[in-house]
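Taking it in order: structure first as structure tokens, then the write-up.
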Amino acid sequence: MSNVSSPFNYADFVLRFKRSLSRYLFNTAIPEDIPLANIRESSSVLFTAIMLVSALHVPGKEAIHAICHKQFLELVSTAMFDRFHTLDDIRGLCIAAFWQPDLSWKLSGLCIRMATELNLHHAFYKAFYTPGLTEGERAGYMEKARVWYLLYVLDHHFSIAYGRPPVTAELLPIREYNVFVNSPSTTPSDRRLISQVSLFVILSKAYEVFGLEPDRVMGSDDATLLTHMRFTEETRSWRDHWRDALSRDKYVGDYPAKGVILHHGFTELVLNSLALRGRPLERLEDLPNNLRPLASRAIDAAHFILQYTMEELSYRESLVGIPLYLHSMIAFAAVFLMKIAHKWHTIGVSIDPEAQTKPLIEGMIRTLRGCRAGANHMVYSMASGFERLLKQWGKSATNGTSQRSLLPRPDALHRTDSGTILTSSMHSSPEYTLGQNYDPTLSSESYEVPLTAMSGYSYGGWGQDDMLWSVGMGYDLLAPNGYDSTDYPGSYFPVGRHDSMHQPS
């Protein structure tokens, strides 16, 4: 970090990461007792990733963030072709992937490949099924297994946010996660980590049954409904178990248990909205009667997600620190509601969107605006996107036009008036800002940025590269410059080109 010319206390950023951000990664990304000097010595990638992510979350550190971003890219470019990597290199890539939207997809794949080269997927077997190990050897394999579980969660987070299949297979560590969680050396952070893994295991089975094709219509026969009910009951059992199993954290309070409740809200939204997948919005009244209760539960879940996020103190206080995936699911809920609100009366939903839905979205915007973070943080671009869609939603209610016709074409989201794609600091147009606190003079670096995630149009690009999971939400929330300019007339949710995958957790 020699490029930082002004006085800068690295230790403050490391301490912030240990006591806050690392807790949202189940404390797996960096041991709490590791000194700053050890971090710098063990891996430049890890050290720079911590600086990068910490600067993203601190108001007024935008210049530091820009410098860290540039240096991190240089390190990753070198590391990509290195023959040898360390566990701490993988930790660093993982940390940046969880929070840095323009890097997350590529980094998630890169660190998983590096991890397999280091045989981290074998560490679980070594720890629990290899006789004669010393305690130190077993502890080392346990630590590698923790990182493998973290990568599994990372992979599944971004398979949802980007609408793309995960690359990690459900190998022995995933199939036998109970062996790990019941080990005498398991920590509270381990239990939080395994709670995530176990939810993905349940939902992966659901995807196998209902498919990943965005235009695949869910059947309304009794067998299909019973199968769907089985998965929703399993996720409710998951909620009931882990809500009581996760202890309070000394730094993030009740967030672990409260987060379980919100994660379950995500699963309710995603699984139940399958009833609407591939169906024309203009003919929503044709939804089979047997599927209408599922659609209603999806609408209730989306309302719950927004209300819970704002009203639950421990979660509201965590809005800045949580990883990108959770922001994507909050966005999913808000956009889902705005997309369908003026049509749900045709299937018997009696919620008044003006009286109940609109105030929730307005409250969510105020909550996001009230967060304290660096100007490049996702919360500000989410607020801008919600505001824009809320205005369009109001026009829809007034003019009676279709929701789909109000959404800007994807090519409008990614190009300036001159037709050139914006890939630098978005200085070219006041329409492409990073929120009300963004100051473009703070960063002169021209690195690639995720326009779908960070422009004011973030949540209007329904015809982009992929949709959020296979419910076809139609925007690739985090992908840098990824969009599909194809128009999809008549579809309930305009769909993308590729199979999207995986659950809400």
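Things worth noting here:
- Residues that are open to solvent by 30 Å² or more (accessible area, probe 1.4 Å), of a type in the set (Asp, Glu) and touching a residue at least 12 places away in the same chain (Cβ under 8 Å) within segment 133-167 comprise just one, GLU143.
- Of the residues making up segment 232-248, those that are farther than 15 Å from PRO293 by Cβ and open to solvent by 70 Å² or more (accessible area, probe 1.4 Å) are ARG236, SER237, HIS241, ARG243, ASP244, ARG248.
- For segment 284-307, the count of residues that are within 16 Å of TYR255 (Cβ to Cβ) and either crowded, with 22+ Cβ neighbours inside 10 Å or modelled with pLDDT of 95 or more (or both) is at least one.
- Residue-level analysis places GLY219 outside the set of residues that are farther than 18 Å from THR28 by Cβ, open to solvent by less than 50 Å² (accessible area, probe 1.4 Å) and part of a helix (DSSP H, G or I).
- Close pairs (8 angstrom Cβ cut-off, 6 or more residues apart or separate chains): closer than 14 Å to ILE261 by Cβ in segment 292-306, open to solvent by 60 Å² or more (accessible area, probe 1.4 Å) and in a helix (DSSP H, G or I) anywhere: none
- Among the numbered conditions (1) free of Cβ contacts under 8 Å to residues at least 40 places away in the same chain; (2) assigned to a helix (DSSP H, G or I), the only one that GLU170 does not meet is (2).
- Residue under evaluation THR116, criteria (1) farther than 29 Å from LEU326 by Cβ; (2) open to solvent by 40 Å² or more (accessible area, probe 1.4 Å), criterion not met: (1)
- Enumerated helices (runs of 4 or more DSSP H) restricted to segment 245-362, each holding at least 3 residues that are more than 26 Å from LYS391 (Cβ to Cβ): 255-272, 292-311, 313-316
- Boolean, THR130 is at pLDDT 95 or above and either closer than 25 Å to HIS377 by Cα or surrounded by fewer than 21 Cβ atoms within 10 Å (Cβ to Cβ) (or both): yes
- Against the numbered list (1) in contact with a helix residue (DSSP H, G or I) (Cβ under 9 Å, 6 or more places away or on another chain); (2) over 20 Å from TYR308 (Cβ atoms); (3) open to solvent by 20 Å² or more (accessible area, probe 1.4 Å), MET229 comes up short only at (1).
- Among residues of segment 80-99 that are farther than 18 Å from HIS327 by Cβ, those with a Cβ under 9 angstrom from a residue that is hydroxyl-bearing (Ser, Thr, Tyr) and open to solvent by 30 Å² or more (accessible area, probe 1.4 Å), sequence gap 6+ or separate chain, pair up as THR86/SER42; LEU87/SER42; ASP88/SER42; ASP89/SER42; ASP89/SER44; GLY92/SER44.
- Selection status of SER54, hydroxyl-bearing (Ser, Thr, Tyr), in contact (Cβ under 8 Å) with a residue 24 or more places away in the chain and buried (at least 17 other Cβ atoms within 10 Å of the Cβ): yes
- Lone unmet requirement of (1) farther than 28 Å from ALA123 by Cα; (2) touching a residue at least 12 places away in the same chain (Cβ under 8 Å); (3) open to solvent by 10 Å² or more (accessible area, probe 1.4 Å) for THR224: (2)
- Subset of segment 179-208 (residues that are open to solvent by 10 Å² or more (accessible area, probe 1.4 Å), touching a residue at least 40 places away in the same chain (Cβ under 8 Å) and among the charged types (D, E, K, R)): ARG191, ARG192
The values are calculated or read from the model by the stated rules, or taken from the named source; none is laboratory data. Source: prediction; values computed, not measured. Glycine gets a Cβ as well: all are built from the backbone with ideal geometry, and neighbour counts include every protein chain shown. These area figures cover heavy atoms from the full protein model, side chains too; ligands, DNA and RNA do not enter into them. Shrake-Rupley method; radii C 1.70, N 1.55, O 1.52, S 1.80 Å.
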